[in-house]
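This report refers to the structure that appears directly beneath it.
The values are calculated or read from the model by the stated rules, or taken from the named source; none is laboratory data. What you are looking at is a predicted structure, and each value in this text was computed from that prediction instead of being measured. All Cβ positions, glycine included, derive from the backbone under ideal geometry; neighbour counts span all protein chains shown. Heads up: the accessible areas ignore ligands, DNA and RNA and are worked out on the full protein's heavy atoms, side chains in. Shrake-Rupley method; radii C 1.70, N 1.55, O 1.52, S 1.80 Å.
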Amino acid sequence: MTGELTTTKSGGLVTENGGLGMPSLIVRAGGQAEKRFLEFFAAQIRNRNTREAYLRAVRDFLDWAETEARIENLLDIEPLHVAAWVEIKTQTYQAQSVKQQLAALRHLFDWLVTGHVLHTNPASFVRGPKFSYTKGKTPILTPTEARKLIRSIPTDTLIGLRDRALIGLMIYTFARVSAAVTMNVKDVYRKQEALWVRLHEKGGKHHEMPCQHNLKEWLQEYIEAAGIAEDPNGPLFRTVDRKTKQLGANRLDRQRAWAMVKRRAKKAGIDTPGICNHTFRGTGITAYLENPEAKLEHAQQMAAHSDPKTTRLYDRRSDQVSLDEVERIGI
């Protein structure tokens, strides 16, 4: 590598010393390759999370190609090299993750082909591992556990009000943490005598949801205590200075939100393995579908899923059904 290529908080590509950088194989391929490489990540991929994931995969492959496969020229990469790398990845990563990494290579190489950097795409005909999920693997909480967690959060501090509002938002609106932490104050608004939230979903889409009565109360209490109502364009969920206990101007990010979730769960005595931000999306969807009057198509709409199959991955009602059945074994 000529420099450690990373993404800034705004999604830019920089090296450790603050300049632009890229893998050595790209640099040796010449100016057009460097230009297309930067254009691919800067102009073609708008979603920050996708950009970061693709960048990690591309860096990993090109580094492996240079150091392990002994490739000195970008033009020398062949399907066999890509297939070998995919095989290595399947030994340590789940099939779905490997397919995403392979997709990153395909898209980048396609971009380099259209830019006349490569003659053919070496990843085009490489098949990824097969996978089929009927149920997601993200751990969820039971309604009792979710209530226990929320009630354990102290509400006599600004941090506690913020954390309760964020967790409640993810449960009651089925929001992804990325959609939640990118909200601004103006994304909590009144409409038809109710409080609504506007979530910033993938692809620049906005998804609007009315607030359940608990969430309405928690958001209003947090915004009032934080004194941010007059800052509509500012971040809704912000970092807090632990020394002064004052709200800052910086936006809370996913990593800090995850750390908060693990800390709150531990203090509440909830020992669900692997609990994470996404836990609350599955928790909310499952709790909704347990209602006899709930409908899958409504859950799909509320979760902003384009395919009902995706919504079913979050439905864990069958877990309890299976437990109830095995308890019938009277031994």
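Of note:
- Fully extending the segment from Tyr189 to Thr120, taken as 0.36 nm per residue of separation minus the present Cα-Cα distance, adds 19.7 nm.
- Distance from the stretch 243-296 to the stretch 61-90 (C-alpha centre basis), Å: 39 Å
- Per residue, the solvent-accessible area of the stretch 122-238 (1.4 Å probe, heavy atoms of protein chains only, all protein chains present) comes to 51 Å².
- Solvent-accessible surface ranking, highest first, for Tyr222, Tyr288 at 1.4 angstrom: Tyr288, Tyr222
- Whole-Å semi-axes of the stretch 217-298's equivalent ellipsoid (Cα gyration tensor): 29, 19, 11
- The slack between Thr155 and Glu293, meaning 0.36 nm per residue of separation minus the straight C-alpha distance, is 46.4 nm.
- Cross-link table Lys89/Lys130; Lys245/Lys267; Lys186/Lys266; Lys205/Lys245, entries beyond 24 Å C-alpha to C-alpha: Lys186/Lys266; Lys205/Lys245
- With a threshold of 30 Å on the Cα-Cα distance, the over-threshold entries among Lys35/Lys99; Lys148/Lys243; Lys148/Lys216; Lys99/Lys191 are Lys99/Lys191.
- Counting only Cβ charges, +1 for Lys and Arg and -1 for Asp and Glu, the dipole size of the stretch 35-166 around its Cα centre is about 860 debye.
- Inter-site label distance for Lys245 and Glu78 at 7 Å from Cα along Cβ, in nm: 6.8 nm
- When a 1.4 Å probe is rolled over the protein heavy atoms, the share of accessible surface on the stretch 45-107 that falls to carbon and sulfur comes to 44 percent.
- At q = 0.21 Å⁻¹ the log10 of I(q)/I(0) for the stretch 68-209 amounts to -1.25, computed by Debye summation with a single uniform scatterer per C-alpha, solvent ignored.
- Mean projected area of the convex hull spanned by the Cα atoms of the stretch 156-252, taken over all viewing directions: 6.0 nm².
- Centroid-to-centroid separation of the stretch 143-213 and the stretch 98-116 [C-alpha atoms, Å]: 36 Å
- Annotation: Asp241 carries an accessible surface of approximately 70 Å², with a 1.4 Å probe and no ligand, DNA or RNA atoms counted.
- Multiplying the residue separation of Trp258 and Lys205 by 0.36 nm and removing their Cα-Cα distance gives an extension gain of 16.7 nm.
- Calculated on alpha-carbon atoms, Rg and Dmax of the stretch 201-253 in Å: 13.1, 38
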